[in-house]
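What follows is one structure encoded as structure tokens, with my remarks underneath.
None of the figures in this text is laboratory data; all of them are computed from the coordinates on show. Note that the structure is predicted; figures quoted are calculated from it, not measured. Cβ sites come from the backbone with ideal geometry, for glycine too, and all protein chains shown count toward neighbours.
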Amino acid sequence: MIIGVVGKPNVGKSTFFKASTLAEVEIANYPFATIKANSGIGHVKVTCVDKEFKKQCNPRTGFCLDHNRFLAVELIDVAGLVPGAHEGKGLGNAFLDDLRPADALLHVIDASGGTNEKGETVDVGTHDPSNDVKFLEKELDMWYLGILKRDWNKMTRVMQQEKANTVKAIAKRLSGLRVLEVHVEDALKENNLGETAPAKWSEEEIFVFARSLRRMTKPIVIVANKIDIPKGRENYKKLRADYPNLIVIPCAADAELALREAAKKELIKYVPGEKDFEIIGELGDKQKQGLEFIKTTILEQFAEGTGVQAAVNSAVFGLLDYIHIYPGGMNNLTDKDGNVLPDCFLMKNGSTALDFAFKIHSDIGEGFVKAMDVKRKVPVGKEHLLTNGDVIEIMSSK
């Protein structure tokens with residue numbers, strides 16, 4: 001799973017990315033500090049099932065803090081996009097191409113209104129961040145449209161001559177954008193285009209079709225950054241009102257970065273996404289003041305805490321609709337090395353016990369006999385739908 005971190009230059013994208021991954025990236029107060037996409041490992045946070053079994057888990061990947069399990073996902077921090085990116089402005093085509101493998105996007109904006117459309121610093125409140133949402137959606141839609149229309153007349157003519165399947169042909173053309181046949185089918189239905197040959201589509205019909213595919217395959221969470229600035233809070237409320245159908249997360253990425261760095265240095269005990277921390281090391285007066293500011297103006301004010309963890313979780317569990325499942329045994333929750341519940345997998349909601357068997361290993365899936373719901377201590381069949389936090393033992397002939 002890949003989550004893209006996108007937005008204009010100079011809005012805090014790289015700070016958000018570093019806070020999420022603790023990767024070493026350049027953070028600077030000028031446009032295009034990031035040129036090449038940065039890639040790192042972030043995590044989604046779930047309540048670990050080990051507490052129900054009165055155990056302490058030993059994750060093979062990710063980690064567990066106070067019975068909070070953190071599961072790895074890949075994040076890519078794409079260089080700042082500006083209006084006209086799909087036309088190549090600001091190296092926009094190259095930057096957009098970095099987003100091809102992304103399953104969902106985190107659109108970081110400067111909620112304080114202190115960054116103009118070019119990514120330049122301006123007086124706080126002089127830019128409307130709602131315009132940034134419109135700008136990015138337009139750039140992404142036009143990007144998809146451009147790829148779809150490349151040799152459009154030739155493609156549709158060949159489709160007619162060879163009586164090619166419309167769904168398969170378009171899905172193949174856009175496969176690099178993570179477009180599947182089911183997406184094409186849904187977009188055709190959504191825009192009432194199923195009965196019309198693509199060669200006869202109008203320019204507007206081609207555009208709305210491309211827009212539907214973009215929304216399905218690159219859904220967006222709005223990350224309203226710089227929420228610690230009073231104007232940012234005001235604009236956050238406006239963003240939620242302007243875009244009621246989008247997920248908008250209040251965020252203070254620099255505060256999360258400060259907390260994670262302090263925790264890394266063992267100055268505080270902090271679980272990402274929580275609304276409090278505990279001082280455990282020696283701090284100077286300025287450090288104490290800074291942490292108190294974060295606590296009173298951010299953590300105590302927003303249910304999402306600093307918003308960084310909430311944003312990543314919202315993309316995976318909200319937009320993409322994933323659940324987490326543990327492999328485990330009825331009589332033993334440990335692996336051959338004695339690690340308790342070492343693995344936890346992210347699965348699409350609606351996955352079955354058989355899907356989970358194949359997720360573990362293809363041989364296990366092919367030899368599937370039955371599964372056991374470890375929590376309920378009951379056998380389940382291959383078509384059994386999994387639920388969030390299930391612990392499943394697979395019996396296989398292979």
Query raised in the report: Rounded to the nearest 20 Debye, what is the dipole magnitude of the stretch 288-368 about its Cα centre when Lys and Arg each give +1 and Asp and Glu each give -1 at the C-beta?
Result: 220
Report task. For a label point 7 Å from the Cα of residue 199 along Cα→C-beta, name the residues of the stretch 135-178 whose backbone N is under 18 Å from it. Result -> 149-170
Query raised in the report: How much FRET efficiency would the formula 1/(1 + (r/R0)^6) give for residue 63 and residue 100, where r is the Cβ-Cβ distance and R0 is 35 Å, rounded to 0.05?
Result: 0.75
Query raised in the report: What is the projected area of the convex hull of the Cα atoms of the stretch 142-216, averaged over all directions, in nm²?
Result: 4.3
Query raised in the report: From the cross-link list 168/348; 13/138; 55/359; 18/55; 13/231, which pairs have alpha carbons spaced over 30 Å apart?
Result: 18/55
Report task. List the longest stretch of the chain that has no exposed loop site; here a site is one of the GluC sites (Glu not before Pro) assigned by DSSP to anything other than H, G, I, E or B, with at most 11 other Cβ within 10 Å. Result -> 27-194
Query raised in the report: Mind listing which trypsin sites (Lys or Arg not before Pro) in the stretch 282-388 are in a DSSP loop and have 10 or fewer other Cβ atoms within 10 Å?
Result: 336, 376, 377
Query raised in the report: According to a simple spin-label model (label point 7 Å from Cα along Cα-to-Cβ), what is the distance in nm between residue 396 and residue 180?
Result: 2.1
Requested in this report: Using only alpha carbons, build the gyration tensor for the stretch 100-156 and give me the equivalent ellipsoid semi-axes, biggest first, whole Å.
Outcome: 32, 12, 8
Report task. Report the charge-dipole magnitude of the chain in Debye, nearest 20, computed about the Cα centre from +1 at each Lys and Arg Cβ and -1 at each Asp and Glu Cβ. Result -> 700
Query - Lys/Arg +1, Asp/Glu -1 at C-beta; the chain dipole; positive extreme among 342, 198, 392 - result: 198
Query raised in the report: Once you wrap a convex hull around the alpha carbon atoms of the stretch 304-390, what is its projected area averaged over all directions, in nm²?
Result: 7.0
Report summary line: Low-density loop trypsin sites (Lys or Arg not before Pro), the stretch 146-236, at most 10 other Cβ within 10 Å, DSSP non-H/G/I/E/B, are 150, 163
Query raised in the report: To one decimal place, what Kirkwood hydrodynamic radius in Å is obtained for the chain from all pairs of distinct Cα atoms?
Result: 23.1
Requested in this report: Quick one: work out the % antiparallel among DSSP beta bridges in the chain, nearest 5.
Outcome: 60
